[in-house]
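Shown next, in structure tokens, is the structure this report addresses.
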Amino acid sequence: MDFSNIAVIVQVIIVFGLIVFVHELGHFLAAKWAGVGVERFSLGFGPKVLGKQIGETEYLLSAVPLGGYVKMVGEEIGEPVDPAVEQLSFSHKPVGKRFFIVFAGPFSNIVWAFLIFSLTFFSFGVTVPLDIAKIGGVVPNLPAQKAGLQPGDEILSVTGTPVKTWEELAEKIQQSQGQPVQLTVKKSDGQTQEVTATPELRGAQPGGNGQPSYVIGIERAFQTQPVSLGQAIKIGAEQTWLWTKLILQSLVMLVKGQVSAKELGGPILIAQVAGQQARLGLDYLLRFAAVINVNLAVFNLLPIPVLDGGHLLFFLIEFLLGRPLSVRSREMAWRVGFFVIATLIVLVFYNDIARLVG
């Protein structure tokens, strides 16, 4: 039995269980603050696995581990409410309180992402790029690997011209225009040797100018440096905002057709990547968990009925009109939203399975 794999699985389960828990806890605490009765608090959907009644609320662990839910008194569309508990009914609360209860779930994930980022950077430090032309990684099957370059090697010159920084190295590779370049390399044991690599023209590279460029298949070296608590909090806030913006931009590109729907991933892909990150170290897994928290928050805030964002849209319309939409209108919108989400679920599971088969 491989106990390392078991440890990875346990870490992933705990981390993703906490992500769902934090989201539902946001709804739960906001409901309690607003005076709304909570009938059930469940991690997972479907049949009950474990449960305990505490006061008015039944706390559940359910069989399908793909989310969770908080069931409040008077929450369902058209649900009749006993006059004796009307003061605890969600639907009888002012629109502002209902908005706050629904918004509290995604907001909790954003706060949780910020806390994870900040505590991870404070505990493990931050990675910063080295200024020197040192190789941090070698891409398989590209010229650098074929030439024998390895992580830790430092490139001292390109075709006789000294290079001191990564930017100078990249510039010389581009100037080659695909012609072979002779590299003077300082190996990790201190010895130097001459190697020849022929750059290949590749599509737009991350962080580049959006144009094809010549590459030999090396990645920049990074180092970890400690930061103070104040710096960690600042970086945590910056990372939370950065990922929020990147995810929104990706959604816009998806809608515009600039990103293929085949790129979408579901629970299987997320679990695979989480396992990979866990094997790299706890800090990698925690940062990945922070990104997933941001993903969950942004996705839930999309204005699609069934999602939190759809409910918030209804509340905004109610505030502007001075009255809620009719039950029929909300039911029709809910059915459309359910169809959209069901289609999306089928798509991401298909993509996940296609990747596994591939």
Within the range 28-63, considering residues that are over 24 Å from PHE107 (Cα atoms) and β-branched (Val, Ile, Thr), the one surrounded by the most Cβ atoms within 10 Å (Cβ to Cβ): VAL49
I'd like to know if the range 178-191 contains one or more residues that are among the hydroxyl-bearing types (Ser, Thr, Tyr), surrounded by fewer than 16 Cβ atoms within 10 Å (Cβ to Cβ) and under 30 Å from GLY281 (Cα atoms). yes
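Tell me which residues, restricted to the range 282-316, are more than 21 Å from VAL70 (Cα to Cα) and crowded, with 16+ Cβ neighbours inside 10 Å. Lay out the reasoning, then the answer.
Kept after step one, since they are more than 21 Å from VAL70 (Cα to Cα), are these residues of the range 282-316: 282-291, 316.
Listed by number, the residues that qualify are ASP283, TYR284, LEU285, LEU286, ARG287, PHE288, ALA289, ALA290, VAL291.
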Selection over the range 105-133 where residues are in contact with a Pro (Cβ under 9 Å, 6 or more places away or on another chain) and not in a helix (DSSP H, G or I) yields a count of 2
Among the residues of the range 90-97, is there at least one that is in a loop (DSSP other than H, G, I, E, B), among the polar types (S, T, N, Q) and surrounded by fewer than 20 Cβ atoms within 10 Å (Cβ to Cβ)? yes
Hey, could you check the range 67-80 for residues that are surrounded by fewer than 17 Cβ atoms within 10 Å (Cβ to Cβ) and more than 16 Å from ASP308 (Cβ to Cβ) and say which is modelled with the lowest pLDDT? GLY78
Give me a count of the residues in the range 77-94 that are closer than 17 Å to PHE28 by Cβ and under 32 Å from the mean Cα position of the chain (by Cα). 1
Given the conditions (1) at pLDDT 85 or above; (2) under 23 Å from the mean Cα position of the chain (by Cα); (3) loosely packed, with under 15 Cβ neighbours inside 10 Å, every one holds for PHE21 apart from (3)
May I ask you to say which residue of LYS52, LYS71 is basic (Lys, Arg) and either within 24 Å of ALA333 (Cα to Cα) or in contact (Cβ under 8 Å) with a residue 60 or more places away in the chain (or both)? LYS71
Quick check on my filter: what residues within the range 76-131 are in contact with a helix residue (DSSP H, G or I) (Cβ under 8 Å, 6 or more places away or on another chain), farther than 30 Å from GLY322 by Cα and among the polar types (S, T, N, Q)? ASN109, SER118, THR120, SER123
Taking the condition surrounded by 14 or more Cβ atoms within 10 Å (Cβ to Cβ), assigned to a helix (DSSP H, G or I) and at pLDDT 85 or above, does PHE319 pass? yes
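The values are calculated or read from the model by the stated rules, or taken from the named source; none is laboratory data. This one's a predicted model, so the numbers in the text were calculated from it and none came from an experiment. We place every Cβ from the backbone using ideal geometry, glycine too, and count neighbours over all the protein chains shown.
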